[in-house]
Amino acid sequence: QVQLVESGGGLVQAGGSLRLSCAASGRTFRSYTMCWFRQAPGKEREFVAAISWTGGNTDYTDSVKGRFTISRDNAKNTIYLQMNSLKPEDTAVYYCAITGHTIATMASQYDYWGQGTQVTVSS
């Protein structure tokens, strides 16, 4: 089993910044991709960003490109999501997930999930 714990969510005004963290523990894959998804009320869970084991490959959904940056520290088994220029439409519960495969954008391709952290952006 793999445990993922997210932190760093909160309430911020539009234009502000937040940094999310996700720490992994337990069984680890030989190499693994980690990602962030988000889910707003009444909407489906959507892909936000993903990062490969080496950190050399990343992928972002179009709506966050240029504003969000995903990074990782393998020594700490932790990934981060730096979110700048936040907008009210970024309001959602943010989840991190992990897979032993390559970067993917579909939730079904990820094996383990965290409990989520709430991000609320006020206008």
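Taking Tyr94 and the conditions (1) over 15 Å from the mean Cα position of the chain (by Cα); (2) at pLDDT 95 or above, which numbered condition does it fall short on, given that it satisfies the others?
Checking Tyr94 against (1) over 15 Å from the mean Cα position of the chain (by Cα); (2) at pLDDT 95 or above, the one that fails is (1).
List the strands (runs of 3 or more DSSP E) that sit entirely inside the stretch 1-53 and contain at least 1 residues that are of a type in the set (Asp, Glu) and either more than 13 Å from the chain's Cα centre (by Cα) or within 21 Å of Ser108 (Cβ to Cβ) (or both). Don't jump to the end; show me each part of the working.
Working: elements: 2-7, 10-13, 18-26, 33-39, 46-51.
Result: 2-7, 46-51.
Scan the stretch 83-111 and report the pairs whose first residue is touching a residue at least 24 places away in the same chain (Cβ under 8 Å) and closer than 14 Å to Glu44 by Cα and whose second residue is assigned to a loop (DSSP other than H, G, I, E, B) and small (Gly, Ala, Ser), with Cβ atoms within less than 7 Å and a gap of 6+ or a chain change.
If the second residue must be assigned to a loop (DSSP other than H, G, I, E, B) and small (Gly, Ala, Ser), the pairs left are Thr91/Ala40; Ala92/Ala40; Val93/Gly116; Tyr94/Gly9; Tyr94/Gly116; Tyr95/Gly114; Tyr95/Gly116.
Could you tell me whether any residue of the stretch 18-33 is at positive phi and open to solvent by less than 70 Å² (accessible area, probe 1.4 Å)?
If we filter the stretch 18-33 for residues that are at positive phi, which is where we start, we get 26.
Within this subset, residues satisfying the condition of being open to solvent by less than 70 Å² (accessible area, probe 1.4 Å) are 26.
Yes, the stretch 18-33 contains at least one residue that is at positive phi and open to solvent by less than 70 Å² (accessible area, probe 1.4 Å).
With (1) touching a residue at least 40 places away in the same chain (Cβ under 8 Å); (2) open to solvent by 30 Å² or more (accessible area, probe 1.4 Å) as the list, and Gly56 as the residue in question, which single condition is left unmet?
Of everything listed in (1) touching a residue at least 40 places away in the same chain (Cβ under 8 Å); (2) open to solvent by 30 Å² or more (accessible area, probe 1.4 Å), Gly56 misses just condition (1).
The values are calculated or read from the model by the stated rules, or taken from the named source; none is laboratory data. Bear in mind that the values here come from a model prediction, so they are computed numbers and not experimental data. All Cβ positions, even for glycine, are placed from backbone atoms using ideal geometry, and neighbour counts span all protein chains on display. Accessible surface areas use protein heavy atoms only, side chains included; no ligands, DNA or RNA. Shrake-Rupley method; radii C 1.70, N 1.55, O 1.52, S 1.80 Å.
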